[in-house]
Every structure is written in C-alpha cells, then in structure tokens.
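See structure below.
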C-alpha cells in the first residue's frame, strides 16, 4: 500500500494542476472542481494497482477525469454559468493584476467556447488549452486519431467563425486561435 501511496503522490504532484484546470473548465465552480478533482485522485488510488503502462499516466488520469466530469454533468441537472472573473486565472495562469487585454481575450474565448457543441469544446480543451498530443486526446476520448483531427479542424473552424462574426473578437484570432495554436 505504501508503494501505491507513493505512486499516487507522484501522480498528484505531476498532474493535479492540469486535472483541476480541466475539471474547473467543465464545472465552472471552484468548490465543485475541488470535489470532483479529489474524487478523481481517489479513483486513481483505487485503480493504481491495476494500471498498466500501455498508456501514459497523464492519459490515464485524464481518462478518469473525463469520466468524472461526465458523471458530474449527469448529476447536475442545471449547468452553471461561467464566472468570467475566475476563468483567466484557472485556464492560463494569467496574472490577474497583469495585462487587461490578455484577461479580456481569455474571457472572450471562454464565452465563445461555451457556445460550441460539447464534442468540439472537449477537443479544443484537451488539444489546445491542455496542450495534449493528438494521440493523447484520441486515447482519452476513445476516438481514432483521424476523428480527433477532423473534429479539431471543424471545431476551430466554427470557433473562428463565431469569433469573427463579432468584430470585437477579431483581435483574439490574431493571438493564435485562427491557426490552432494556444493563445499566449
């Protein structure tokens, strides 16, 4: 058991921040995100003895996280509204005292992502915001790599269209979303 606890500590140290960010992005409430993230690490501890190294630990953790978020969504009858003031800190480690334009662009992106279909939003969050590879995303979503690439292309195309329909969003596209890079 001590060996498993040590492995969990390593997983926690290596993946807590990005797992929490991923969960928060879906539940939009810091307290709920903490609870769901805690459940994820409890499930990881329970499954650690059966974890096989066929996938990376990161991919395995995000698979658990994705399932936990889906379970949470099923339990939450009403989706909560994103508190745009909280999101920049969580999504991109933005200094809230820093550049106002960066915070504004992040808030605009969050609002635009909220209007995308769930599958489009999921691919963008994993691939662009979390910075995962196509292979990692395909393992987490249990999709082929081709499906991930096609869905990513379609989701970015829709996001770009949605953002450009409102002239105030055009400056955000210049920050990297138009070509599929994570905006900085």
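General observations
- Of the candidates 64, 10, the single residue that is under 18 Å from the mean Cα position of the chain (by Cα) and closer than 22 Å to residue 132 by Cα is 64.
- Of all the numbered requirements in (1) closer than 24 Å to residue 108 by Cα; (2) at pLDDT below 85; (3) surrounded by fewer than 16 Cβ atoms within 10 Å (Cβ to Cβ); (4) in contact with a helix residue (DSSP H, G or I) (Cβ under 7 Å, 6 or more places away or on another chain), residue 49 misses one, and that requirement is (1).
- Residue ID - surrounded by the fewest Cβ atoms within 10 Å (Cβ to Cβ), chosen from residues in the stretch 107-116 that are over 12 Å from the mean Cα position of the chain (by Cα) and in contact (Cβ under 8 Å) with a residue 40 or more places away in the chain: 115
- Count of the stretch 122-154 residues which are assigned to a helix (DSSP H, G or I) and in contact (Cβ under 8 Å) with a residue 12 or more places away in the chain: 19
- Matching residues in the stretch 20-59 - criterion: being free of Cβ contacts under 8 Å to residues at least 12 places away in the same chain and closer than 22 Å to residue 143 by Cα: 51, 52, 53, 54
The values are calculated or read from the model by the stated rules, or taken from the named source; none is laboratory data. These numbers were taken from a predicted model, which means no experiment stands behind them. Cβ atoms come from the backbone with ideal geometry, glycine included; neighbour counts cover every protein chain shown.
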